[in-house]
Ligand SMILES: [Zn+2]
């Protein structure tokens, strides 16, 4: 090969590595956009590009690492919600579910998962949703891709009242 071919080969390799790095940024190991947009309301629930990016950031930074720490299956009971879906299930109008920034999680030991997320991972809000002092009914967790994550830990009591845990 002459010098020009080596140069092209080098440029090609550099572009491949860049492509790989961009791809890696969006790889979701344990969760799919399909399960993060599932709804049993029958209403349209299709995220746009910005909302999909937010879901991917949530998975990459919180859900996938949580799955690896928990070492067990984690189910998503509600991820992205269109305004129609959010209204139908009685979600608050400012819910981060509307932006693709939040997911409600369930698993075999929700208290353990809650502690793992709280102690090890970045998040905007982590909420112990209803249930009792031993187990929440479900876990709500959110993540902001812009990095402005508040690390708020809250508990939603069965009477609908929020209490700050930190
Ligand atoms: Zn939620």
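Only the coordinates and a few stated rules stand behind these numbers; no lab work does. Keep in mind that what you see is a predicted model, and the values were worked out from it rather than measured. Don't worry about glycine lacking a Cβ; one is built from the backbone with ideal geometry, like all the others, and counts go over all protein chains shown.
Some values worked out for this structure:
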read-out: Residue exposure sequence - 60, 112 - by fewest surrounding Cβ within 10 Å; value: 112, 60
read-out: Using alpha-carbon coordinates, inclination of helix 110-120 to the longest axis of the chain, degrees; value: 50 degrees
read-out: Spin-label model distance (nm) - residue 161 vs residue 146, 7 Å beyond Cα toward Cβ; value: 3.3 nm
read-out: Computed FRET value (nearest 0.05) for residue 2 with residue 108, which takes r as the C-beta separation and R₀ as 41 Å; value: 0.10
read-out: Calculated FRET efficiency for the pair residue 20/residue 77, C-beta based, R₀ 45 Å, to 0.05; value: 0.85
read-out: The range 63-78-the range 93-166 distance, computed between alpha-carbon centres (Å); value: 13 Å
read-out: Calculated FRET value between residue 69 and residue 93, using beta carbons and R₀ = 35 Å, to 0.05; value: 0.60
read-out: Anisotropy class of the chain from Cα gyration tensor, a/c 1.5 cut; value: prolate
read-out: Relative exposure of 101, 68, judged by other C-beta atoms within 10 Å (fewest first); value: 68, 101
read-out: Whether the range 50-124 is rounded, prolate or oblate, judged on the alpha carbon gyration tensor where a/c under 1.5 counts as rounded; value: prolate
read-out: Helical mean residue ellipticity (222 nm; -39500 (n - 2.57) per DSSP H run of 4+; nearest 500) of the chain; value: -11000 deg cm²/dmol
